[in-house]
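See below for the structure under consideration.
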Amino acid sequence: MVKKTKKGKKGKNEIKGPEPVTTLNILQDRTKMLCPRMGDVYSKNNNVEDILQDVAESYLHKVIDNQSNSINLGGLKLTKFPTLINVGTELDCLIDINLSKNNLFNGDEVFEALSHLPFVTKLNLSENFLNGTLSRFAGLMEMLEVLNLDVNNLTALCPAVQNWTNLRIFTISDNSLIDLPIEASSWNRLTVLNMKNNKVMDIGSLPQYWPLLERLYLGSNLVNSVPYEIGKCKNLSVLDFSCNSIQTLPLSLGQCHALKALYLGSNKIEHLPPEIFACLTNLRELHLYKNKITSIPPEIGNLQAIQKISLASNNLRGLPDEIGACTTLEELYLSNNAKLSYFPGSAGHLRMLKELSLSKCPALKQLPSTTANMSSLRELDLRAAKKQVCKITPELVSILKERMCKIRGGVVKKAKAVKKKKGGDA
């Protein structure tokens, strides 16, 4: 008779597999601390920082052994760059170094060590604790093409940055920069500059020295004017000056014929020069929300490639009839314009429009019948802050619903009752 075994109990001779060892386990249990290099065992008296430093140095030795051209030391919480004693030229193969998400704070120490790696072209030092003026040793890295210094606490760049003549992409957002030194004029190969969320007030005439610039991000700073020299950047496709204190726009902006996206939201702009719209025929996105704009020039009809326009939270009273010429438009945001009372019938030509937002526009009493011609419309927002005031006809509601368009807010007009003739038919 076969004996039944109890459920859930494993056989006596069953061999258990080794428990997985993770970095977290290693750091929590000092008695089992293993170095990925050779499986060295560390005692519980060893400092965690020293062990992580050893891990980083082991990665460098792997680079030497394999002659790799990149190394990822991100997220190791390093407080200093591994020492390169007795390495010589063996690390000359490195061109790409990732040191992001560490605790590096001594810029002189970090860049002095990195300067011994002469062929590095790509360096990521984002999310560290670099502070004050950028170390002068950074200027010794003359081969740099891509540099990321995001999320540190740098207040200024040193004059030695004039040696970065090969720099193509430079991002230094979320720091405390006040300006750029004139030495940045040597960056004549620059294509991308990201300085968002700093304390920059002005970049002067520097754009004229960056003829290859394609993207410029200066949002969330203290800038009060767009430099006139921006017109020299003939390859510029993205320009971001949102969340600043800009009041006027230079006419030279119209010379950026390659511009595809213009971000000027959350500023203090009151007037839009017609000359700008007359030339930006390649523009696809125009963001002018949260300004003090009272009118839109008729020249907006020249934006033959435009797909998205945001004019929410301004002082607009209406749109020009020429808006109907923007036949490629897909999104139009006009919400929170308290004085907006006129929406042109020519907007019926916007047959590619998918979303139209007219919420919180209490002065707008009705939509034109040509709204029915917007054959691609999928969302119409007419919501009001309090009482619904914008009226729409039952016929328009029926047409839009047949096209699966979502209507938010608005008041449907009641159909007029037909009066019967007295006496009936003769």
Any idea what % of Cα-Cα pairs in segment 134-285 are farther than 27 Å?
19
Assign one of three labels to segment 204-318, namely rounded, prolate or oblate, based on the Cα gyration tensor with a ≥ b ≥ c the square roots of its eigenvalues; rounded applies when a/c is under 1.5, prolate when it is not and a/b is larger than b/c, and oblate otherwise.
oblate
Protein chains only, probe 1.4 Å: how do Tyr289, Tyr209 rank by accessible area, largest first?
Tyr209, Tyr289
Computed from the mean reciprocal separation of all distinct C-alpha pairs, what Kirkwood hydrodynamic radius does segment 134-176 have, in Å?
10.6
Among the listed pairs Lys354/Lys401; Lys360/Lys386; Lys308/Lys339, give every one whose C-alpha distance is greater than 18 Å.
Lys308/Lys339
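Per 0.36 nm of contour for each residue apart, how much would the distance between Ile64 and Asp321 grow if the chain were fully extended, relative to their Cα-Cα spacing?
Length gained between Ile64 and Asp321: 85.8 nm.
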Is segment 242-385 best put as rounded, prolate or oblate by its Cα gyration tensor, with a ≥ b ≥ c the root eigenvalues, rounded for a/c under 1.5, and otherwise prolate when a/b is larger than b/c, oblate when not?
oblate
Cα convex hull of segment 79-189, projected area averaged across orientations, nm²:
6.1
Which ³J(HN,Hα) values, rounded to whole Hz and listed in residue order, are derived for segment 205-221 from phi using the Karplus coefficients 6.51, -1.76 and 1.60 in 6.51 cos²θ - 1.76 cosθ + 1.60 with θ = phi - 60°, glycine and proline given as x?
9, 4, x, 5, 8, 10, x, 9, 4, 10, 9, 10, 10, 10, x, 6, 10
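The values are calculated or read from the model by the stated rules, or taken from the named source; none is laboratory data. Predicted model only: the values in this text are computed from it and were never measured. With ligands, DNA and RNA removed, areas are computed over all heavy atoms of the protein, side chains included. Shrake-Rupley method; radii C 1.70, N 1.55, O 1.52, S 1.80 Å.
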